[in-house]
Amino acid sequence: MSTDFLQPNLEDLQQDVISLLKKIEELMYRASNLLISDPSGKKYAGFQKEVVDAKKNVEDLELVMAIVAPMKAGKSTIINAIVGQDILPSRASAMTTLPTEIILRSDKAQPVLVLKPNTISCLKRTLSTLQQKIKTNGLNQAVTKMAKYPHLTSLIPKIQDGFSIQSEIGG
């Protein structure tokens, strides 16, 4: 017994969704123009923009989803499973504590972490604070305090020496 008829043709499905979103976009445009003197006209213009963004996501096959859960709940593990490769660390200790946006693109051979300017600023302040702590308390005390995180102890000399924080990190 063949189940081919149950398998959707993804390209056809994608085109159907794009076509429907174009129709909705046109309706929102018409509504916003007809109601231009009414406050709801701006609301419809906003809806139109949302539909345009959604259409672009479908055209690019881009999925946006928020995953929120307490520490150590398996967020990285589920994202790795959805993506089909281990792009986020999943270990016994908390690893992904910052909000992280993951965008898979066919033109990229490896993952690229892109840090926003405010995140870089925060990381630089944190690095400076850690350097001061190491300077004040000594390298040995820092190594002792990090003993329960052996995978991170190799970072202590790097923190002490300082390093630049890049806005894009590949790999």
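The values are calculated or read from the model by the stated rules, or taken from the named source; none is laboratory data. Predicted, not measured: the structure shown is a model, and the values here were computed from it. Don't worry about glycine lacking a Cβ; one is built from the backbone with ideal geometry, like all the others, and counts go over all protein chains shown.
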Q) Across the range 28-83, what is the total count of residues that are within 22 Å of the chain's Cα centre (by Cα), part of a loop (DSSP other than H, G, I, E, B) and over 25 Å from Asp16 (Cβ atoms)? A) 9
(Q) Among the residues in the range 144-166, are any surrounded by 11 or more Cβ atoms within 10 Å (Cβ to Cβ), among the polar types (S, T, N, Q), outside the structural domain of Val17 (by TED's automatic domain parsing) and touching a residue at least 40 places away in the same chain (Cβ under 8 Å)? (A) yes
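Residues checked against (1) closer than 30 Å to Pro99 by Cβ; (2) at pLDDT 85 or above; (3) of a type in the set (Ser, Thr, Tyr):
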residue: Ala31; (1), (2), (3): no, yes, no
residue: Leu34; (1), (2), (3): no, yes, no
residue: Ser40; (1), (2), (3): no, yes, yes
residue: Lys56; (1), (2), (3): yes, yes, no
